[in-house]
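Asker: Let me begin by handing over the structure; questions about it come next.
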Amino acid sequence: MGKEFIFGFMEAKSKTGGISNIPLKLFITTPSQASVRVSIIAPLAKNMYSGESITITKGVIKQVILPKSLRLHGTERSNKSVQIVSSEEIVVFGINQANASTDGFLGIPVDVLGMQYFVPSFFSNKQPYFKSAVVITGTKNRTELRIRIKSTNGGSVDFDRKKYGNGNWLNTTIDRFETIQLLCRGDLTGTFVQ
């Protein structure tokens with residue numbers, strides 16, 4: 001539970017390999033006895049989503065629909081992050097759907113984020129699900145990222161016109177509300193981000 005969340009939605013493809021046309025979904029609730037004001041915005045992508053404010057109460061789960069245009073595509077650096085700010089503590093759950101595929105996540109509040117992560121990822125050798133993905137979202141400007149790629153099947157990540165294979169370090173910076181998605185034709189499970 002927390003009062004501020006910043007996150008991005010990774011690529012989702014349909015069963016035929018096309019980009020998902022299904023909107024993104026958030027589910028928000030609170031344990032607070034008081035009514036809670038919640039603001040949902042895409043700070044650097046207001047042309048895609050101008051944001052909205054809602055009020056939630058204890059025991060009620062509010063669904064919020066976000067445009068599919070906030071979903072990342074391919075290996076990219078973008079400004080498609082979503083920020084949620086609330087007057088009291090809330091719980092945020094996100095859903096990212098495509099035909100025959102659904103991903104979900106529990107939002108981690110900004111104030112309890114760590115400095116080091118190992119990536120759990122999904123990989124399939126069947127089309128169109130042959131890529132493993134990682135999304136990183138900036139919460140502070142000029143954050144230095146060091147990413148040690150762990151990849152199976154000879155897969156590599158192409159980022160900023162460079163190729164990174166198993167065991168290589170990808171070093172870059174990320175700003176607040178910026179998102180980076182890395183895709184690989186191998187399993188990225190075990191990739192280290194600091």
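Asker: Using alpha carbon centroids, what distance separates the stretch 83-103 and the stretch 131-194, in Å?
Answerer: Taking the Cα centre of each part, the stretch 83-103 and the stretch 131-194 sit 22 Å apart.
Asker: Averaging over every viewing direction, what projected area does the convex hull of the Cα atoms of the chain cover, in nm²?
Answerer: 10.7
Asker: Follow-up. Whats the longest run of the chain with zero trypsin sites (Lys or Arg not before Pro) that are DSSP loop and have at most 14 other Cβ atoms within 10 Å?
Answerer: Here the longest segment lacking exposed loop sites spans 59-125.
Asker: Right, another one. Give, as a single signed number, the net charge of other residues whose beta carbon lies under 13 Å from the beta carbon of VAL135, with Lys and Arg counted +1 and Asp and Glu -1.
Answerer: 0
Asker: Here's another thing I want to ask about it. Size of the dipole of the stretch 1-141 about the Cα centre, Lys and Arg at +1 and Asp and Glu at -1 on the beta carbon, nothing else charged, in debye to 20?
Answerer: With only Lys, Arg, Asp and Glu charged at Cβ, the dipole is about 400 debye.
Asker: Taking all protein chains as present, what is the carbon and sulfur share of the accessible area of the chain, in % to the nearest whole number, probe 1.4 Å?
Answerer: Within the chain, the accessible surface is 51 percent carbon and sulfur.
Asker: Same structure, new question: Just to confirm a number: summing +1 for Lys and Arg and -1 for Asp and Glu over residues other than LEU44 whose beta-carbon lies under 11 angstrom from that of LEU44, what do you get?
Answerer: +1
Asker: Let me ask something additional. Please list, or write none, the lysines whose alpha carbon is within less than 25 Å of the alpha carbon of LYS80, excluding same-chain residues fewer than 8 places away.
Answerer: In chain and number order, the partners are LYS3, LYS13, LYS15, LYS25, LYS46, LYS62, LYS68, LYS131, LYS140, LYS162, LYS163.
Asker: Net charge within 9 Å of LYS3 by Cβ-Cβ distance, Lys/Arg positive one each and Asp/Glu negative one each, not counting LYS3 itself?
Answerer: Around LYS3, the charge tally is -4.
Asker: Quick check for me: using +1 on Lys/Arg Cβ and -1 on Asp/Glu Cβ, what's the dipole size of the stretch 92-194 about its Cα centre, in debye to the nearest 20?
Answerer: 320
Asker: OK, next. Place a label point 7 angstrom from the Cα of SER124 along the Cα-to-Cβ direction, then list the residues of the stretch 87-116 whose backbone nitrogen is under 20 Å away.
Answerer: 95-105
Asker: Quick check: pseudo-label points 7 Å beyond the Cα along Cα→Cβ at HIS73 and LEU106, how many nm apart are they?
Answerer: Going by the 7 Å Cα→Cβ label model, 3.3 nm.
Asker: Provide the per residue accessible area, probe 1.4 Å, for the chain, rounded to a whole number of square angstrom.
Answerer: That works out to 53 Å² for each residue.
The values are calculated or read from the model by the stated rules, or taken from the named source; none is laboratory data. What you see is a predicted model; the values in this text were computed from it and never measured. Because the Cβ atoms are built from the backbone with ideal geometry, glycine has one as well, and the counts that use them run over all protein chains shown. Just the protein is used for accessible areas: all its heavy atoms, side chains included, with ligands, DNA and RNA removed. Shrake-Rupley method; radii C 1.70, N 1.55, O 1.52, S 1.80 Å.
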